[in-house]
Amino acid sequence: MTLRELKQIVSLGEGISLEFKRKVPRDTRIAKELIALANTHGGRILLGVDDDGTITGVDDAAEEEFVLRRAVQAHCAPVVEYTTERIPVADRRDVLLVTVPESTTKPHHLVPGAKNGQAAAAETVAESPGGDGPAYVRVEEMSVEASPESVRMMREESEKEGVTFEFGETESLLMRYLDDYGRITVAEFAKLADIPMEEASQTLVSLAKANLLRLHSDRKDDYFTLAY
């Protein structure tokens, strides 16, 4: 990537697939950003760019790459795939472009911390491929904790078999509500149908898997809408 191309990307500002960082944040902070991108649609992180879009560069790209690699290996489960590219922006200063593809092994979870340094953290990842900590997704320009419904949808995306369920009174009530109001959360559906939260969650996810509903991640509460 050329400096001109970099400036064009930066001019777009941060968004669902683009994040600016002055340098690699330590430990779990940068891991969370990569996890969120991998769990959503992929994207890029520009290291050496301020939040306001000022291109400063980093003075030791190799050190930034080392810190990034260590954080990903220690705190992402499964480990997130990514590539890096150095873009010279001034004398001895580079912007580090980190590209994260949408993952085929989502959901990725954050491993909160190590027991005894990096080796122990890497061992924790290896022993817990599903992850013990929270998963994250991108919502606009932010990385937010994924809801249980989002995690369930990610886990089941790779399943090829169809979804079967009985379309009964509860589902009919839900569809009528969505026709009138357009969107519904798990808590709202549980109250509407007078059913437990877990049952409401499972019903909504099943309908989303059947392409009847669409799940929308939100900073406050995820919600579902009709898919048609």
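Key figures for this structure:
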read-out: Scope the range 22-50; condition more than 20 Å from Ala74 (Cα to Cα), touching a Leu at 6+ places or on another chain (Cβ under 9 Å) and modelled with pLDDT of 95 or more; matching residues; value: Gly43, Arg44, Leu46, Gly48, Val49
read-out: Residue selected from the range 196-216 under the condition surrounded by fewer than 18 Cβ atoms within 10 Å (Cβ to Cβ) and in contact with a Phe, Trp or Tyr (Cβ under 8 Å, 6 or more places away or on another chain), by the criterion farthest from Val151 (Cα to Cα); value: Ala210
read-out: The listed residue being within 19 Å of the chain's Cα centre (by Cα), surrounded by fewer than 17 Cβ atoms within 10 Å (Cβ to Cβ), of a type in the set (Lys, Arg) and not in a helix (DSSP H, G or I), out of Arg26, Arg69; value: Arg26
read-out: Residue count, the range 201-227 (criterion: part of a loop (DSSP other than H, G, I, E, B) and over 14 Å from Leu174 (Cβ atoms)); value: 7
read-out: Any chance Ser172 is among the small types (Gly, Ala, Ser), under 29 Å from Ser143 (Cα atoms) and at pLDDT below 95; value: no
read-out: Residue satisfying all of: in the range 172-195; farther than 22 Å from Val151 by Cα and among the small types (Gly, Ala, Ser); surrounded by the most Cβ atoms within 10 Å (Cβ to Cβ) among these; value: Ala193
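Okay, residues lined up against (1) at pLDDT below 95; (2) out of contact with any strand residue (DSSP E or B) (no Cβ under 6 Å at 6 or more places or on another chain); (3) surrounded by 13 or more Cβ atoms within 10 Å (Cβ to Cβ); (4) assigned by TED's automatic domain parsing to the domain that holds Leu34:
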residue: Leu97; (1), (2), (3), (4): no, no, yes, yes
residue: Thr105; (1), (2), (3), (4): yes, yes, yes, yes
residue: Asn116; (1), (2), (3), (4): yes, yes, no, yes
residue: Val125; (1), (2), (3), (4): yes, no, yes, yes
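The values are calculated or read from the model by the stated rules, or taken from the named source; none is laboratory data. Please read these numbers as outputs of a predicted model, since none were measured by experiment. Virtual Cβ from ideal backbone geometry, glycine too; neighbours counted across all protein chains shown.
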